[in-house]
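Q: Structure incoming, see below.
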Amino acid sequence: MAVRACGLIIYRRLQSAPSSKVTDGIEYLLLQTSYGTHHWTPPKGHVDPGEDDLQTAFRETQEEAGLQASQLTLIEGYKKELHYPVRGKPKTVIYWLAEMKDCNTEIKLSEEHQAFQWLKLEDACKFAEYEDMQATLKEVHQFLCSKE
């Protein structure tokens, strides 16, 4: 049985000059773990008994980044499943996409993370070392570009 985790890829839109493309002003939230290799990841975590996947994603985001569901807008039409081994066991992670309603909302980290960054796509891909996470961020960006 695969370990199952769920999370949200969170982005914000910075107010930009009218001449620039809207997608130029998009930044993604990544959290740096306080354990292991201190890797960078969107907020995510294991599904608790009796929870559905989306509930888990919102709960973990609240626990890890201090963001309430009411502070986010879930973006219809995007859901991504990643599959990879962790310590020899299969893991499934499901991500949804959410936009910050107010781009200045404070991020409040839990003990699980030691830092956070708002990053443009290129930098977010550098911070997210795993290829599947990099590919997911690029896919999200393309998805947002196509909605403009």
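The values are calculated or read from the model by the stated rules, or taken from the named source; none is laboratory data. Please read all numbers here as calculations on a predicted model, not as lab measurements. So basically every Cβ, Gly included, is an ideal-geometry build from the backbone, and we count neighbours across all protein chains shown. Calculation scope for accessible area: heavy atoms of the full protein, side chains included, ligands and nucleic acids excluded. Shrake-Rupley method; radii C 1.70, N 1.55, O 1.52, S 1.80 Å.
Q: Go through the range 28-87 and give me each residue that's at pLDDT 95 or above, open to solvent by less than 40 Å² (accessible area, probe 1.4 Å) and part of a loop (DSSP other than H, G, I, E, B).
A: Across the range 28-87, the qualifying residues are P42, P43, G66, L67.
Q: To continue, here is another question. Here are the criteria: (1) touching a helix residue (DSSP H, G or I) at 6+ places or on another chain (Cβ under 7 Å); (2) without any contact (Cβ under 8 Å) to a residue 60 or more places away in the chain; (3) assigned to a strand (DSSP E or B). Tell me which single one I94 does not satisfy.
A: (2)
Q: When you scan the range 104-116, how many residues do you find that are without any contact (Cβ under 8 Å) to a residue 12 or more places away in the chain and under 16 Å from H39 (Cα atoms)?
A: Number of matching residues: 0.
Q: Given K101, K138, K80, which one is in contact (Cβ under 8 Å) with a residue 12 or more places away in the chain and within 12 Å of the chain's Cα centre (by Cα)? Don't jump to the end; show me each part of the working.
A: Numbers: K101 fails: within 12 Å of the chain's Cα centre (by Cα); K138 fails: within 12 Å of the chain's Cα centre (by Cα).
The conditions single out K80.
Q: Also, I was wondering about something else. Looking at (1) open to solvent by 30 Å² or more (accessible area, probe 1.4 Å); (2) part of a loop (DSSP other than H, G, I, E, B); (3) at pLDDT 95 or above, which is the only condition I107 fails?
A: I107 satisfies every listed condition except (1).
Q: A follow-up question, please. Among (1) open to solvent by less than 70 Å² (accessible area, probe 1.4 Å); (2) over 19 Å from G36 (Cβ atoms); (3) over 14 Å from the mean Cα position of the chain (by Cα), there is one condition K91 misses while meeting the rest; what is its number?
A: (2)
Q: Taking the range 60-69 as the search range and keeping residues that are in contact (Cβ under 8 Å) with a residue 24 or more places away in the chain and not hydrophobic (A, V, I, L, M, F, W, C), which one is farthest from A5 (Cα to Cα)?
A: Looking at the filtered set, the residue picked out is G66.
Q: To continue, here is another question. Confirm whether L72 is in contact (Cβ under 8 Å) with a residue 60 or more places away in the chain, in contact with a helix residue (DSSP H, G or I) (Cβ under 7 Å, 6 or more places away or on another chain) and under 16 Å from K108 (Cβ atoms). Step through it out loud before you land on a result.
A: Working: in contact (Cβ under 8 Å) with a residue 60 or more places away in the chain: yes; in contact with a helix residue (DSSP H, G or I) (Cβ under 7 Å, 6 or more places away or on another chain): no; under 16 Å from K108 (Cβ atoms): yes.
When the stated conditions are applied, L72 does not pass them.
Q: Under 12 Å from L29 (Cα atoms) and either touching a helix residue (DSSP H, G or I) at 6+ places or on another chain (Cβ under 6 Å) or outside any strand (DSSP E or B) (or both): is that true of D102 in this structure? Walk me through it before giving the result.
A: On the way: under 12 Å from L29 (Cα atoms): no; either touching a helix residue (DSSP H, G or I) at 6+ places or on another chain (Cβ under 6 Å) or outside any strand (DSSP E or B) (or both): yes.
Against the criterion (under 12 Å from L29 (Cα atoms) and either touching a helix residue (DSSP H, G or I) at 6+ places or on another chain (Cβ under 6 Å) or outside any strand (DSSP E or B) (or both)), D102 does not qualify.
Q: Being of a type in the set (S, T, N, Q), open to solvent by 30 Å² or more (accessible area, probe 1.4 Å), in a helix (DSSP H, G or I) and out of contact with any Ser or Thr (no Cβ under 6 Å at 6 or more places or on another chain), is that true of even one residue in the range 112-134?
A: yes
Q: For the range 13-22, indicate whether the set of residues that are modelled with pLDDT under 95 and under 20 Å from Q134 (Cα atoms) is non-empty.
A: Taking every residue of the range 13-22 in turn, at least one turns out to be modelled with pLDDT under 95 and under 20 Å from Q134 (Cα atoms).
Q: Continuing with this model, one more query. Is one or more of the residues making up the range 27-42 more than 24 Å from E129 (Cβ to Cβ) and of a type outside the set (V, I, T)? Can you show your working first?
A: Step one: list which residues in the range 27-42 are more than 24 Å from E129 (Cβ to Cβ), which gives none.
Checking the range 27-42: not a single residue is more than 24 Å from E129 (Cβ to Cβ) and of a type outside the set (V, I, T).
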